[in-house]
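Notes follow once the structure below has been shown.
Please treat every number below as a calculation from the coordinates, not as lab data. Nothing here was measured: the structure is a model prediction, and the numbers come from that model. Methodologically, a virtual Cβ is constructed for each residue, glycine included, from the backbone with ideal geometry; neighbour enumeration extends over all protein chains shown.
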Amino acid sequence: MKYSYGKGSLIVVCVFVLGFFLGKTGIVGDRIAGLHPELWVLYVLLFTVGIGIGANTGAFGVVRRMHARILLVPLAVIAGTLLGSGIATLFLPGITLPQGLAVGAGFGYYSLSSVIISKIEDETLGLIALVSNLIREIVTLFLSGPIARLFGPLAPIAAGGATAMDTSLPVITRASGSGYAVVAVFSGMVLTLLVPFIVPLLLNL
Amino acid sequence: MLVVTSILAAGVLLGLVLKDKKRFIEITGRTAPWIVYMLLFLLGIVVGTNETVTGGFIKLGIQASVLSAGGVAGSVCLAVFLHKFLFEKGRM
């Protein structure tokens, strides 16, 4: 979830469950679902995400201030996530390696990754991406403190993935210290930018 | 993929052009959560009308949890490594 704080993930779960039951009970009907209105809303979302990125280029000044080392943080998050998701896929017979990697490459950005995956692959994998990335955000929101104590200040930033720049930023800052806020924003921003590119790329492997 | 990338790029361009129009940027940022709620509501409907999905909900939940556990564990491992070798020794 981007652009809002903690309670956002709860609202998201509620609206999703509401939609799910409306769809399942047939109140809304296949006809509306068949028109795929979610695609049009996705396009609107992508457009507003783009505006946010374009209007916020000043944030890239962080790189200059922090030295090139900061670049390694999102790179480590990408490599670690893909490695971990790849290994996890070995235990899931129904999921191919590109599919497992694509779900992981949502980096917690569940709204965007799930709809992109639903569009390119199928709704089942889209749902897995939604739940999987939502869990990633919720884990970060609730466990950043213990994660930082056990694994160091960069660990909550890694766990947060793309959400480190907004949704989970307050908890990460509290867990890792305010000095790491810049690192979190930078890492989250790079991952957020990469989600719409990496996910389709991995699915086409 | 081309559609997704083009729309995103168009948004970035508009954002760059209008970055000094604070009010516009603020309104855009504020509508984003509502668009996400709308999106997830519609996704819920699409998923709910899909028989294959509703039939195997628990299985999907387990698969999703295993994948997120893998992703989080993997990235945390590399973050530990990175912190030890590059960020420690009082450089941060």
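Near A:ASN204, once Lys and Arg are set to +1 and Asp and Glu to -1 for all other residues with Cβ below 14 Å from its Cβ, the sum equals 0. Judged by the mean number of other Cβ atoms found within 10 Å, the most tightly packed of the peptides A:121-131, A:69-79 leads the ranking A:121-131, A:69-79. The distance linking the stretch A:77-114 with the stretch B:1-56 is 22 Å (Cα centroid to Cα centroid, whole angstrom).
When peptides B:70-79, A:10-19 are sorted by average Cβ neighbour count within 10 Å, with the highest value leading, the order is B:70-79, A:10-19. How much net charge surrounds A:ALA55 when only the other residues with a Cβ under 11 Å from the Cβ of A:ALA55 are counted, with Lys and Arg +1 and Asp and Glu -1? Residues near A:ALA55 contribute +1 overall. The long axis of helix A:181-203 is offset from the longest Cα principal axis of chain A by roughly 40 degrees. Derived scalar couplings between HN and Hα for the stretch B:34-48 equal 5, 5, 4, 4, 4, 4, 5, 5, 5, 4, x, 4, 4, 5, x Hz in order, rounded to whole Hz, by the Karplus curve 6.51 cos²θ - 1.76 cosθ + 1.60 (θ = phi - 60°), x for Gly and Pro.
In chain B the longest region clear of trypsin sites (Lys or Arg not before Pro) that are loop-assigned by DSSP and have at most 16 other C-beta atoms within 10 Å covers B:22-88. For the stretch A:76-139, which chymotrypsin sites (Phe, Trp or Tyr not before Pro) are in a loop by DSSP, counting at most 16 other Cβ atoms within 10 Å? Hits after loop and neighbour filter: A:PHE91.
A:ALA181 sits among other residues whose Cβ lies under 12 Å from its own Cβ, and their net charge, with Lys and Arg +1 and Asp and Glu -1, is 0. For the protein assembly as shown, adding -39500 (n - 2.57) for each run of n ≥ 4 DSSP H residues and dividing by the number of residues yields -25000 deg cm²/dmol at 222 nm.
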